[in-house]
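The values are calculated or read from the model by the stated rules, or taken from the named source; none is laboratory data. Fair warning: this is a prediction, and the values are worked out from it, not measured in the lab. Heads up, the Cβs are rebuilt from the backbone with ideal geometry, glycines too, and the neighbour counts pull from every protein chain shown. The accessibility values were calculated without ligands, DNA or RNA, using every heavy atom of the protein model including side chains. Shrake-Rupley method; radii C 1.70, N 1.55, O 1.52, S 1.80 Å.
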Amino acid sequence: GAVVSQHPSWVICKSGTSVKIECRSLDFQATTMFWYRQFPKQSLMLMATSNEGSKATYEQGVEKDKFLINHASLTLSTLTVTSAHPEDSSFYICSARGGTIPYEQYFGPGTRLTVT
Amino acid sequence: AQTVTQSQPEMSVQEAETVTLSCTYDTSESDYYLFWYKQPPSRQMILVIRQEAYKQQNATENRFSVNFQKAAKSFSLKISDSQLGDAAMYFCAYRSGNTGNQFYFGTGTSLTVIP
């Protein structure tokens with residue numbers, strides 16, 4: 001139980017285009033979802049926290065107009081990187097809260113974004 | 001904000017031997033949770049072990065155990081009988097029991113297992 005999926009697992013896009021990443025909780029309802037960014041050989045950096053049906057809360061320094069987060073249902077959150085640039089290339093990981101252990105987060109497998 | 005410190009960027013261990021990864025944290029809270037996550041080359045974050053701060057007994061999961069020293073704010077991970085599959089990045093994480101849902105991660109320790 002408590003499985004989180006992400007789609008796509010790897011995406012390449014051209015500079016200036018937008019790309020959407022989906023995060024789904026497959027067997028539980030996720031009241032809260034989190035989006036992280038991870039550069040090579042670095043730790044996870046929290047970008048934003050989203051609760052179902054409300055606006056996401058962004059961490060300091062994260063551009064909310066560039067990284068659009070939508071948490072429209074209890075099983076789906078999306079991260080859209082708008083007008084992507086090469087510096088947005090990174091590994092994006094989502095996690096979800098709401099499984100059997102309330103204080104735990106369940107992580108998705110991550111999405112590798114490459115902007116050319 | 002809480003901080004989590006992992007002072008060992010890299011560690012290595014001989015197969016079948018024991019290794020301990022260090023983690024310290026800074027908090028003024030009394031209610032919180034601590035975690036160790038493993039991130040293999042696939043990048044999937046895998047929960048290794050969790051510890052509730054209100055529990056005095058150290059958590060154990062098969063070959064993995066922790067040494068939780070609440071007063072010292074220390075939370076080390078011991079891996080016994082190390083296996084090649086244990087090679088990965090290991091992250092220590094903190095979660096408040098009172099405020100918010102955010103996890104605070106350490107900078108990670110890269111573990112190499114030598115055959």
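Find out how many positive minus negative residues lie around B:Gln14, taking Lys and Arg as positive, Asp and Glu as negative, among other residues whose Cβ is under 14 Å from that of B:Gln14.
Working: positive: none; negative: B:Glu15, B:Glu17, B:Asp81, B:Asp86.
Spelling it out: positives minus negatives among the neighbours equals -4.
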- line: The farthest towards the positive end of the charge dipole of the protein assembly as shown, of the residues B:Val13, B:Thr112, A:Cys23, given +1 on Cβ of Lys and Arg and -1 on Cβ of Asp and Glu, is A:Cys23
query: What nm value, rounded to one decimal, do you get for the distance between B:Met11 and B:Phe64 when each label is placed 7 Å out toward the C-beta?
result: 1.2 nm
- line: A 1.4 Å probe over the protein heavy atoms gives the range B:63-115 a carbon and sulfur accessible-area percentage of 51 percent
query: Mind checking which lysines have their C-alpha under 16 Å from A:Lys55, skipping anything on the same chain fewer than 8 residues away?
result: A:Lys64, A:Lys66
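For the protein assembly as shown, report the % of Cα-Cα distances exceeding 22 Å.
Numbers: 14085 of 26565 pairs.
So the pairs more than 22 Å apart make up 53 percent of the total in the protein assembly as shown.
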message: At a cut-off of 20 Å², which residues of the range A:27-58 become less accessible once all protein chains are present than in their chain alone, using a 1.4 Å probe?
response: A:Phe34, A:Tyr36, A:Gln38, A:Ser43, A:Leu44, A:Leu46
task: With a/c under 1.5 counting as rounded, go ahead and sort the range B:39-113 into rounded, prolate or oblate using the C-alpha gyration tensor (a ≥ b ≥ c being the square roots of the eigenvalues; past the cut-off, prolate if a/b is larger than b/c, else oblate).
output: oblate
query: Looking only at other chains, what is the average number of their beta-carbon atoms within 10 angstrom of each beta-carbon in B:101-107?
result: 6
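Can you give the local net charge around B:Gly108? Use residues other than it whose beta-carbon is closer than 15 angstrom to its beta-carbon, Lys and Arg +1, Asp and Glu -1.
Values: positive: A:Arg37, A:Lys41, B:Lys38, B:Arg43; negative: B:Glu10, B:Asp86.
Spelling it out: positives minus negatives among the neighbours equals +2.
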query: Near B:Lys78, which aspartates and glutamates are there with a Cα under 13 Å away, not counting those fewer than 8 places off in the same chain?
result: B:Glu17, B:Glu61, B:Asp86
- request: Starting from the Cα of B:Ser110, step 7 Å toward the Cβ, then list every residue of the range A:65-96 with an amide N under 11 Å from that point.
  value: none
message: Just to be sure I understand: if you take the accessible area of chain A alone plus chain B alone and subtract the pair, with a 1.4 Å probe, what total do you get in Å², rounded to 100?
response: 1700 Å²
message: What does the net charge come to around B:Asn58 if you take all other residues with beta carbon closer than 13 Å to its beta carbon, with K and R at +1 and D and E at -1?
response: +2
message: Students often get this wrong: which residues of the range B:1-29 have the backbone nitrogen under 11 Å from the point 7 angstrom along Cα-to-C-beta of B:Lys73?
response: B:1-5, B:24-29
query: Cα centroid distance between the range B:1-32 and the range A:71-94, in Å?
result: 29 Å
task: Would you calculate the separation in nanometres between label points at A:Glu87 and A:Gln29, each defined as 7 Å from the Cα along the Cα-to-beta-carbon direction?
output: 4.1 nm
task: Over the whole of B:12-20, what's the average partner chain Cβ count within 10 Å per residue? Rounded to a whole number, please.
output: 0
